[in-house]
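In what follows, a single structure is set out as C-alpha coordinates and then discussed.
The values are calculated or read from the model by the stated rules, or taken from the named source; none is laboratory data. Everything numeric in this text was worked out from a predicted model, so none of it was measured. Counting neighbours? That spans all protein chains shown, and the Cβs are built from the backbone with ideal geometry, glycine included. Accessible surface areas use protein heavy atoms only, side chains included; no ligands, DNA or RNA. Shrake-Rupley method; radii C 1.70, N 1.55, O 1.52, S 1.80 Å.
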Amino acid sequence: MTWNVDAANGGAVSRFGLPVVPVVEGLEAGEQELLGRMWGRLRRVRAKNLLIDAYYDQHKFFHNLGISVPDKMAATQAALDWPSKAVQSLARKHVFEGFSLDGVSNPWGVGQVLAANQFGLCLSQAINSAYKYGCAFLVVTRGDEEAGDPPVVVQARDALWATGVWDQRRQRLSAAMLVLDADEHARPRVVLLITSRDVVEIEAGPEGGVVSRRYRHGLSRLPVEMLAYDPQLGRPFGRSRITRTVRYLTDVAARTLVRAETSAEFFAAPQRYVLGADPDAFADMDSWKAVTGRLLALATNEEGATPTAGTFPQVSMEPHLAMYRQLAQNFCAATSLPQSSVGLFADNPASAEAMQAAEYALSDEAEYQWQVFTPALRRVVEDVVMLRDGLDAPPEGSWRVDVGWKPARYVSPQAAADSIVKLVQALPQVAGTQVALKRAGFSASEISEIEATATRQRAETVLDRLEALANKDADSDTTGQEAPPDDS
(Lines give C-alpha, C1' and ligand atoms only; values in the text may rest on other atoms or scores of the structure.)
Protein backbone atom coordinates (compact mmCIF):
# COMPACT_ATOMS: atom_id res chain seq x y z
CA MET A 1 0.00 0.00 0.00
CA THR A 2 1.53 3.28 -1.12
CA TRP A 3 0.46 6.84 -1.62
CA ASN A 4 0.17 8.29 -5.07
CA VAL A 5 2.69 11.13 -5.23
CA ASP A 6 3.28 14.14 -7.40
CA ALA A 7 4.83 13.07 -10.70
CA ALA A 8 6.55 16.46 -11.03
CA ASN A 9 8.73 15.45 -8.12
CA GLY A 10 9.60 12.12 -9.66
CA GLY A 11 7.40 10.23 -7.22
CA ALA A 12 9.85 11.13 -4.48
CA VAL A 13 9.36 10.00 -0.92
CA SER A 14 11.14 11.88 1.83
CA ARG A 15 13.72 10.06 3.94
CA PHE A 16 11.44 10.67 6.92
CA GLY A 17 8.68 8.45 5.53
CA LEU A 18 6.23 11.07 4.25
CA PRO A 19 5.65 11.15 0.47
CA VAL A 20 5.38 14.38 -1.47
CA VAL A 21 1.88 15.83 -1.94
CA PRO A 22 -0.53 12.87 -1.91
CA VAL A 23 -3.35 12.88 -4.45
CA VAL A 24 -6.55 11.49 -2.94
CA GLU A 25 -9.50 10.23 -4.93
CA GLY A 26 -12.84 11.47 -3.64
CA LEU A 27 -11.74 14.79 -2.15
CA GLU A 28 -13.25 18.07 -3.22
CA ALA A 29 -10.97 20.70 -4.75
CA GLY A 30 -10.84 22.79 -1.60
CA GLU A 31 -10.19 19.75 0.55
CA GLN A 32 -7.32 18.61 -1.68
CA GLU A 33 -5.75 22.06 -1.35
CA LEU A 34 -6.12 21.97 2.45
CA LEU A 35 -4.61 18.48 2.61
CA GLY A 36 -1.67 19.60 0.46
CA ARG A 37 -0.96 22.62 2.70
CA MET A 38 -1.05 20.61 5.90
CA TRP A 39 0.86 17.67 4.43
CA GLY A 40 3.61 20.04 3.29
CA ARG A 41 3.84 21.60 6.74
CA LEU A 42 4.07 18.19 8.41
CA ARG A 43 6.93 17.24 6.06
CA ARG A 44 8.80 20.51 6.65
CA VAL A 45 8.81 20.21 10.44
CA ARG A 46 9.26 16.44 10.61
CA ALA A 47 13.06 16.48 10.48
CA LYS A 48 13.24 18.94 13.36
CA ASN A 49 10.63 17.03 15.36
CA LEU A 50 12.58 13.80 14.94
CA LEU A 51 15.72 15.60 16.13
CA ILE A 52 13.81 16.86 19.16
CA ASP A 53 12.64 13.29 19.76
CA ALA A 54 16.25 12.10 19.76
CA TYR A 55 17.30 14.69 22.33
CA TYR A 56 14.23 14.08 24.50
CA ASP A 57 14.75 10.30 24.55
CA GLN A 58 18.55 10.68 25.06
CA HIS A 59 19.28 8.97 21.76
CA LYS A 60 21.42 11.86 20.53
CA PHE A 61 24.95 11.03 21.67
CA PHE A 62 27.80 13.50 21.86
CA HIS A 63 29.49 14.76 18.71
CA ASN A 64 33.25 14.18 18.85
CA LEU A 65 35.32 17.11 17.64
CA GLY A 66 38.36 14.85 17.19
CA ILE A 67 40.73 17.00 19.24
CA SER A 68 41.07 15.90 22.85
CA VAL A 69 39.18 12.60 23.00
CA PRO A 70 41.12 9.46 21.93
CA ASP A 71 39.63 7.24 19.27
CA LYS A 72 38.91 4.48 21.80
CA MET A 73 36.88 6.90 23.93
CA ALA A 74 35.01 8.34 20.95
CA ALA A 75 32.60 5.40 21.05
CA THR A 76 31.39 6.36 24.54
CA GLN A 77 27.62 6.83 24.40
CA ALA A 78 27.43 9.81 26.73
CA ALA A 79 23.90 11.16 27.15
CA LEU A 80 22.18 13.75 29.34
CA ASP A 81 18.53 14.08 30.29
CA TRP A 82 18.61 17.88 30.24
CA PRO A 83 16.23 18.22 27.23
CA SER A 84 13.56 15.98 28.79
CA LYS A 85 14.00 17.77 32.11
CA ALA A 86 13.38 21.12 30.38
CA VAL A 87 10.04 19.77 29.14
CA GLN A 88 8.86 17.73 32.09
CA SER A 89 9.75 20.21 34.83
CA LEU A 90 7.38 22.80 33.36
CA ALA A 91 4.72 20.24 32.37
CA ARG A 92 4.60 18.92 35.95
CA LYS A 93 3.59 22.38 37.10
CA HIS A 94 0.22 21.91 35.38
CA VAL A 95 -2.03 19.83 37.63
CA PHE A 96 -5.59 19.95 36.27
CA GLU A 97 -8.33 20.07 38.92
CA GLY A 98 -11.48 20.39 36.83
CA PHE A 99 -13.86 22.93 35.31
CA SER A 100 -16.25 25.24 37.15
CA LEU A 101 -18.87 27.82 36.25
CA ASP A 102 -19.70 30.67 38.63
CA GLY A 103 -18.08 28.75 41.47
CA VAL A 104 -19.98 25.51 40.78
CA SER A 105 -17.88 22.54 39.67
CA ASN A 106 -18.83 20.10 36.90
CA PRO A 107 -20.87 22.48 34.69
CA TRP A 108 -23.54 20.78 32.53
CA GLY A 109 -22.45 17.43 33.95
CA VAL A 110 -19.38 17.15 31.71
CA GLY A 111 -17.40 15.49 34.48
CA GLN A 112 -18.77 12.04 33.67
CA VAL A 113 -17.83 12.29 29.97
CA LEU A 114 -14.38 13.66 30.79
CA ALA A 115 -13.78 10.94 33.37
CA ALA A 116 -14.74 8.27 30.82
CA ASN A 117 -12.06 9.75 28.52
CA GLN A 118 -9.44 9.94 31.32
CA PHE A 119 -9.22 13.61 30.49
CA GLY A 120 -6.74 14.42 33.27
CA LEU A 121 -4.18 12.00 31.83
CA CYS A 122 -5.02 13.02 28.26
CA LEU A 123 -4.48 16.70 29.09
CA SER A 124 -1.20 16.11 30.92
CA GLN A 125 0.15 14.16 27.93
CA ALA A 126 -0.97 16.92 25.56
CA ILE A 127 0.74 19.60 27.66
CA ASN A 128 3.95 17.57 27.83
CA SER A 129 3.83 17.13 24.05
CA ALA A 130 3.17 20.85 23.55
CA TYR A 131 6.30 21.75 25.48
CA LYS A 132 8.24 19.08 23.59
CA TYR A 133 7.31 20.01 20.01
CA GLY A 134 5.77 23.46 20.44
CA CYS A 135 2.11 22.44 20.15
CA ALA A 136 -0.32 19.57 20.63
CA PHE A 137 -3.95 18.97 19.63
CA LEU A 138 -7.15 17.93 21.43
CA VAL A 139 -9.73 16.30 19.13
CA VAL A 140 -13.42 15.99 20.11
CA THR A 141 -15.55 13.49 18.15
CA ARG A 142 -18.67 11.40 18.62
CA GLY A 143 -18.01 8.00 20.15
CA ASP A 144 -19.22 4.62 18.99
CA GLU A 145 -21.21 3.59 22.06
CA GLU A 146 -21.93 0.14 20.62
CA ALA A 147 -18.16 -0.46 20.54
CA GLY A 148 -17.82 0.70 24.14
CA ASP A 149 -16.89 4.34 23.55
CA PRO A 150 -18.32 7.13 25.68
CA PRO A 151 -20.88 9.33 23.87
CA VAL A 152 -18.12 11.86 23.17
CA VAL A 153 -14.45 10.96 22.66
CA VAL A 154 -11.62 13.38 23.52
CA GLN A 155 -8.16 12.45 22.22
CA ALA A 156 -4.73 14.09 22.29
CA ARG A 157 -2.38 14.15 19.29
CA ASP A 158 1.21 15.38 19.10
CA ALA A 159 2.78 17.56 16.41
CA LEU A 160 4.78 14.64 15.01
CA TRP A 161 1.62 13.19 13.41
CA ALA A 162 -0.84 16.09 13.40
CA THR A 163 -1.04 19.67 12.17
CA GLY A 164 -3.57 22.28 11.12
CA VAL A 165 -4.34 25.56 9.38
CA TRP A 166 -4.36 28.60 11.63
CA ASP A 167 -7.08 31.23 11.23
CA GLN A 168 -5.42 34.46 12.35
CA ARG A 169 -8.69 36.40 12.38
CA ARG A 170 -10.54 33.98 14.66
CA GLN A 171 -7.43 32.95 16.60
CA ARG A 172 -8.09 29.25 16.21
CA LEU A 173 -7.69 26.37 13.75
CA SER A 174 -9.82 26.27 10.59
CA ALA A 175 -8.75 22.75 9.47
CA ALA A 176 -6.73 19.86 10.87
CA MET A 177 -5.03 16.70 9.66
CA LEU A 178 -4.23 13.68 11.84
CA VAL A 179 -2.25 10.57 10.93
CA LEU A 180 -4.07 7.72 12.66
CA ASP A 181 -1.96 4.80 11.46
CA ALA A 182 1.40 4.27 9.75
CA ASP A 183 3.49 1.29 8.63
CA GLU A 184 6.87 0.20 9.95
CA HIS A 185 8.57 2.74 7.66
CA ALA A 186 6.52 5.63 9.08
CA ARG A 187 4.42 5.87 5.91
CA PRO A 188 0.84 6.89 6.74
CA ARG A 189 -1.89 4.32 6.18
CA VAL A 190 -4.91 6.17 7.58
CA VAL A 191 -5.26 9.96 7.66
CA LEU A 192 -8.11 12.02 9.09
CA LEU A 193 -8.93 15.34 7.46
CA ILE A 194 -11.21 17.54 9.59
CA THR A 195 -12.82 20.70 8.28
CA SER A 196 -15.37 23.05 9.82
CA ARG A 197 -18.09 20.80 8.37
CA ASP A 198 -16.86 17.26 7.67
CA VAL A 199 -14.61 14.53 8.98
CA VAL A 200 -12.96 12.70 6.07
CA GLU A 201 -11.12 9.41 6.61
CA ILE A 202 -8.48 8.64 3.96
CA GLU A 203 -6.77 5.29 3.44
CA ALA A 204 -3.72 4.47 1.36
CA GLY A 205 -4.54 2.26 -1.61
CA PRO A 206 -2.62 0.60 -4.47
CA GLU A 207 -3.07 3.62 -6.71
CA GLY A 208 -2.99 6.33 -4.07
CA GLY A 209 -5.17 7.79 -1.34
CA VAL A 210 -8.88 6.96 -1.29
CA VAL A 211 -11.66 8.46 0.81
CA SER A 212 -13.02 5.55 2.81
CA ARG A 213 -15.48 7.42 5.01
CA ARG A 214 -17.04 10.87 5.28
CA TYR A 215 -19.50 12.25 7.82
CA ARG A 216 -20.67 15.55 9.31
CA HIS A 217 -19.38 16.21 12.79
CA GLY A 218 -22.43 18.40 13.52
CA LEU A 219 -20.65 21.49 14.88
CA SER A 220 -20.51 24.93 13.38
CA ARG A 221 -16.76 25.02 13.93
CA LEU A 222 -13.70 22.77 13.94
CA PRO A 223 -13.80 20.25 16.84
CA VAL A 224 -10.00 20.41 17.23
CA GLU A 225 -8.16 22.69 19.66
CA MET A 226 -4.45 23.45 19.79
CA LEU A 227 -2.34 23.86 22.92
CA ALA A 228 0.75 25.91 22.05
CA TYR A 229 3.77 26.91 24.10
CA ASP A 230 4.55 30.63 23.94
CA PRO A 231 2.63 31.37 20.70
CA GLN A 232 3.47 34.61 18.91
CA LEU A 233 1.66 36.61 16.22
CA GLY A 234 4.05 35.36 13.56
CA ARG A 235 4.41 31.94 15.14
CA PRO A 236 0.98 30.70 16.28
CA PHE A 237 2.11 27.05 16.54
CA GLY A 238 4.47 27.97 19.37
CA ARG A 239 8.02 26.79 19.95
CA SER A 240 9.69 23.83 21.58
CA ARG A 241 11.27 23.97 25.01
CA ILE A 242 14.16 21.99 23.49
CA THR A 243 15.61 25.04 21.76
CA ARG A 244 18.88 25.37 19.88
CA THR A 245 20.43 26.70 23.07
CA VAL A 246 19.32 23.64 25.03
CA ARG A 247 20.59 21.30 22.32
CA TYR A 248 23.95 23.08 22.11
CA LEU A 249 24.48 23.10 25.88
CA THR A 250 23.55 19.41 26.02
CA ASP A 251 26.11 18.56 23.32
CA VAL A 252 28.88 20.56 25.00
CA ALA A 253 28.10 19.10 28.41
CA ALA A 254 28.16 15.55 26.99
CA ARG A 255 31.59 16.20 25.45
CA THR A 256 32.76 17.61 28.78
CA LEU A 257 31.67 14.44 30.53
CA VAL A 258 33.56 12.32 28.00
CA ARG A 259 36.70 14.42 28.46
CA ALA A 260 36.32 14.06 32.22
CA GLU A 261 35.94 10.31 31.82
CA THR A 262 39.07 10.22 29.64
CA SER A 263 40.98 12.10 32.34
CA ALA A 264 39.60 9.69 34.93
CA GLU A 265 41.04 6.75 32.95
CA PHE A 266 44.49 8.33 33.08
CA PHE A 267 43.92 9.25 36.72
CA ALA A 268 43.23 5.60 37.54
CA ALA A 269 46.45 4.48 35.81
CA PRO A 270 49.29 6.90 36.75
CA GLN A 271 51.76 7.65 33.97
CA ARG A 272 55.30 6.53 34.90
CA TYR A 273 58.68 6.88 33.27
CA VAL A 274 62.06 5.17 33.49
CA LEU A 275 65.35 6.87 32.58
CA GLY A 276 68.52 5.03 31.67
CA ALA A 277 66.95 1.56 31.42
CA ASP A 278 67.85 -1.13 28.92
CA PRO A 279 64.97 -1.44 26.38
CA ASP A 280 65.34 -5.21 26.45
CA ALA A 281 64.02 -5.18 30.03
CA PHE A 282 60.52 -4.39 28.68
CA ALA A 283 60.58 -6.79 25.75
CA ASP A 284 58.35 -9.39 27.43
CA MET A 285 56.23 -6.94 29.43
CA ASP A 286 53.11 -5.20 28.10
CA SER A 287 52.35 -1.62 29.03
CA TRP A 288 49.59 -2.55 31.49
CA LYS A 289 51.86 -4.86 33.49
CA ALA A 290 54.50 -2.15 33.56
CA VAL A 291 52.00 0.22 35.15
CA THR A 292 50.26 -2.14 37.54
CA GLY A 293 53.13 -4.47 38.46
CA ARG A 294 53.73 -4.64 42.20
CA LEU A 295 57.49 -5.16 41.80
CA LEU A 296 59.60 -3.75 38.97
CA ALA A 297 63.22 -4.96 38.95
CA LEU A 298 65.58 -3.26 36.48
CA ALA A 299 69.24 -4.13 36.06
CA THR A 300 71.97 -1.60 35.31
CA ASN A 301 72.27 -0.52 31.73
CA GLU A 302 75.19 -1.21 29.43
CA GLU A 303 77.07 1.81 30.82
CA GLY A 304 76.67 0.41 34.34
CA ALA A 305 74.34 3.21 35.46
CA THR A 306 71.29 2.47 37.61
CA PRO A 307 67.93 3.34 35.90
CA THR A 308 65.79 6.03 37.46
CA ALA A 309 61.99 5.58 37.72
CA GLY A 310 59.39 8.27 38.35
CA THR A 311 55.72 9.20 37.99
CA PHE A 312 54.22 12.09 36.05
CA PRO A 313 51.98 14.37 38.14
CA GLN A 314 48.27 13.68 37.77
CA VAL A 315 46.19 16.06 35.66
CA SER A 316 43.43 17.66 37.71
CA MET A 317 39.81 16.93 36.74
CA GLU A 318 38.62 20.17 38.31
CA PRO A 319 38.69 22.17 35.02
CA HIS A 320 36.28 19.67 33.46
CA LEU A 321 33.98 19.73 36.49
CA ALA A 322 34.08 23.53 36.62
CA MET A 323 33.09 23.70 32.94
CA TYR A 324 30.27 21.23 33.54
CA ARG A 325 28.94 23.34 36.43
CA GLN A 326 29.03 26.45 34.23
CA LEU A 327 27.16 24.68 31.45
CA ALA A 328 24.56 23.44 33.95
CA GLN A 329 24.06 26.99 35.20
CA ASN A 330 23.66 28.25 31.63
CA PHE A 331 21.08 25.52 30.98
CA CYS A 332 19.10 26.50 34.09
CA ALA A 333 19.18 30.14 33.01
CA ALA A 334 17.90 29.22 29.53
CA THR A 335 15.04 27.05 30.84
CA SER A 336 14.13 28.86 34.11
CA LEU A 337 14.87 25.71 36.11
CA PRO A 338 16.32 25.72 39.64
CA GLN A 339 19.93 24.59 39.77
CA SER A 340 19.03 21.71 42.07
CA SER A 341 17.21 20.09 39.13
CA VAL A 342 20.57 19.40 37.43
CA GLY A 343 22.38 18.28 40.56
CA LEU A 344 23.88 21.58 41.73
CA PHE A 345 23.13 21.79 45.44
CA ALA A 346 24.17 24.29 48.09
CA ASP A 347 26.08 23.15 51.15
CA ASN A 348 23.12 23.88 53.43
CA PRO A 349 19.58 22.52 52.86
CA ALA A 350 17.32 25.03 51.10
CA SER A 351 14.58 26.69 53.13
CA ALA A 352 10.99 26.97 51.92
CA GLU A 353 11.59 30.60 50.93
CA ALA A 354 14.74 29.64 49.03
CA MET A 355 12.90 26.88 47.17
CA GLN A 356 10.11 29.27 46.25
CA ALA A 357 12.60 31.86 45.02
CA ALA A 358 14.50 29.25 42.98
CA GLU A 359 11.31 28.14 41.20
CA TYR A 360 9.84 31.61 40.80
CA ALA A 361 10.69 31.95 37.10
CA LEU A 362 9.40 28.44 36.29
CA SER A 363 6.17 29.01 38.25
CA ASP A 364 5.68 32.33 36.51
CA GLU A 365 6.08 30.57 33.14
CA ALA A 366 3.47 27.97 34.13
CA GLU A 367 0.94 30.59 35.26
CA TYR A 368 1.40 32.49 31.99
CA GLN A 369 0.67 29.30 30.06
CA TRP A 370 -2.60 28.88 31.99
CA GLN A 371 -3.84 31.98 30.20
CA VAL A 372 -2.78 30.48 26.86
CA PHE A 373 -4.42 27.10 27.47
CA THR A 374 -7.68 28.33 29.03
CA PRO A 375 -9.51 29.50 25.85
CA ALA A 376 -8.75 26.22 24.05
CA LEU A 377 -9.84 24.10 27.04
CA ARG A 378 -13.02 26.16 27.41
CA ARG A 379 -13.88 25.41 23.78
CA VAL A 380 -13.21 21.71 24.40
CA VAL A 381 -15.91 21.75 27.10
CA GLU A 382 -18.26 23.54 24.71
CA ASP A 383 -17.61 20.95 21.99
CA VAL A 384 -18.26 18.09 24.43
CA VAL A 385 -21.60 19.58 25.52
CA MET A 386 -22.69 20.38 21.95
CA LEU A 387 -21.89 16.89 20.64
CA ARG A 388 -23.45 15.14 23.64
CA ASP A 389 -26.66 17.21 23.64
CA GLY A 390 -26.97 17.80 19.88
CA LEU A 391 -26.62 21.59 20.15
CA ASP A 392 -25.66 23.84 17.27
CA ALA A 393 -24.25 26.58 19.53
CA PRO A 394 -22.27 26.68 22.79
CA PRO A 395 -24.38 26.51 25.97
CA GLU A 396 -25.40 29.72 27.68
CA GLY A 397 -22.67 31.27 29.81
CA SER A 398 -19.94 28.93 28.59
CA TRP A 399 -17.57 31.87 28.14
CA ARG A 400 -17.41 32.11 31.94
CA VAL A 401 -16.13 28.53 32.40
CA ASP A 402 -13.04 28.53 34.59
CA VAL A 403 -10.22 25.97 34.42
CA GLY A 404 -8.95 24.87 37.81
CA TRP A 405 -5.22 24.32 38.33
CA LYS A 406 -3.27 23.36 41.41
CA PRO A 407 -1.09 26.34 42.48
CA ALA A 408 2.21 26.25 40.64
CA ARG A 409 4.18 28.06 43.33
CA TYR A 410 5.50 26.09 46.27
CA VAL A 411 4.24 27.37 49.62
CA SER A 412 5.18 25.65 52.86
CA PRO A 413 2.25 24.41 55.02
CA GLN A 414 3.25 26.81 57.80
CA ALA A 415 3.24 29.81 55.46
CA ALA A 416 -0.09 28.74 53.93
CA ALA A 417 -1.70 28.38 57.38
CA ASP A 418 -0.43 31.78 58.50
CA SER A 419 -1.64 33.39 55.28
CA ILE A 420 -5.16 31.95 55.48
CA VAL A 421 -5.56 32.99 59.13
CA LYS A 422 -4.68 36.58 58.30
CA LEU A 423 -6.91 36.50 55.20
CA VAL A 424 -9.94 35.26 57.14
CA GLN A 425 -9.37 37.86 59.86
CA ALA A 426 -9.34 40.62 57.25
CA LEU A 427 -12.17 39.16 55.12
CA PRO A 428 -14.47 36.93 57.26
CA GLN A 429 -16.70 36.19 54.26
CA VAL A 430 -13.86 34.13 52.74
CA ALA A 431 -13.87 31.59 55.60
CA GLY A 432 -16.66 29.39 54.21
CA THR A 433 -15.57 29.38 50.58
CA GLN A 434 -13.42 27.11 48.46
CA VAL A 435 -10.99 29.99 47.99
CA ALA A 436 -9.87 29.67 51.60
CA LEU A 437 -9.42 25.93 51.26
CA LYS A 438 -7.40 26.33 48.06
CA ARG A 439 -5.20 28.96 49.70
CA ALA A 440 -4.67 26.54 52.56
CA GLY A 441 -3.20 24.06 50.07
CA PHE A 442 -5.97 21.47 49.85
CA SER A 443 -6.46 19.65 46.55
CA ALA A 444 -9.77 19.52 44.66
CA SER A 445 -10.54 16.00 45.92
CA GLU A 446 -9.73 16.98 49.49
CA ILE A 447 -11.97 20.03 49.22
CA SER A 448 -14.82 17.87 47.93
CA GLU A 449 -14.37 15.46 50.84
CA ILE A 450 -14.29 18.32 53.35
CA GLU A 451 -17.46 19.87 51.95
CA ALA A 452 -19.24 16.49 51.83
CA THR A 453 -18.33 15.80 55.45
CA ALA A 454 -19.44 19.28 56.50
CA THR A 455 -22.76 18.88 54.67
CA ARG A 456 -23.35 15.50 56.31
CA GLN A 457 -22.59 16.91 59.76
CA ARG A 458 -24.93 19.85 59.18
CA ALA A 459 -27.68 17.45 58.13
CA GLU A 460 -27.14 15.35 61.23
CA THR A 461 -27.26 18.49 63.39
CA VAL A 462 -30.54 19.57 61.81
CA LEU A 463 -32.04 16.12 62.34
CA ASP A 464 -30.92 16.15 65.98
CA ARG A 465 -32.56 19.54 66.49
CA LEU A 466 -35.78 18.43 64.85
CA GLU A 467 -35.83 15.28 66.97
CA ALA A 468 -35.18 17.28 70.13
CA LEU A 469 -37.93 19.73 69.22
CA ALA A 470 -40.36 16.89 68.52
CA ASN A 471 -39.54 15.30 71.89
CA LYS A 472 -40.04 18.64 73.63
CA ASP A 473 -43.45 19.11 72.03
CA ALA A 474 -44.44 15.57 73.04
CA ASP A 475 -43.40 16.24 76.64
CA SER A 476 -45.40 19.47 76.67
CA ASP A 477 -48.52 17.68 75.46
CA THR A 478 -48.13 15.03 78.18
CA THR A 479 -47.64 17.45 81.10
CA GLY A 480 -50.36 19.80 79.89
CA GLN A 481 -53.26 17.23 80.10
CA GLU A 482 -55.94 17.69 82.86
CA ALA A 483 -55.74 15.37 85.81
CA PRO A 484 -58.44 12.63 85.94
CA PRO A 485 -61.33 13.18 88.44
CA ASP A 486 -60.98 11.69 91.85
CA ASP A 487 -63.82 9.18 92.47
CA SER A 488 -63.22 9.23 96.16
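Figure legend. Inter-residue proximity from the range 396-420: first residues modelled with pLDDT under 90, second residues in a strand (DSSP E or B) and small (Gly, Ala, Ser), beta-carbon distance below 7 Å, spacing 6+ or different chains. Indicated pairs: Gly404/Gly98; Gly404/Ser100.
Filter the range 297-351 for residues that are assigned to a helix (DSSP H, G or I) and of a type in the set (Val, Ile, Thr); which is modelled with the highest pLDDT? Per the stated criteria, the residue is Thr335.
Of all residues in the range 169-209 being open to solvent by 40 Å² or more (accessible area, probe 1.4 Å) and of a type in the set (Gly, Ala, Ser), which is modelled with the lowest pLDDT? Quick ask: steps written out before the conclusion?
Of the range 169-209, the ones open to solvent by 40 Å² or more (accessible area, probe 1.4 Å) are 169-171, 174, 180-181, 184-185, 187, 189, 196-197, 201, 203, 206-207.
Filter once more, so that each one left must be of a type in the set (Gly, Ala, Ser): 174, 196.
Numbers: Ser174: 94, Ser196: 90.
By that ranking, first place goes to Ser196.
The residues of the range 210-249 that are closer than 30 Å to Ala393 by Cα, among the aromatic types (Phe, Trp, Tyr) and either open to solvent by 40 Å² or more (accessible area, probe 1.4 Å) or assigned to a strand (DSSP E or B) (or both) amount to a single one, Tyr215.
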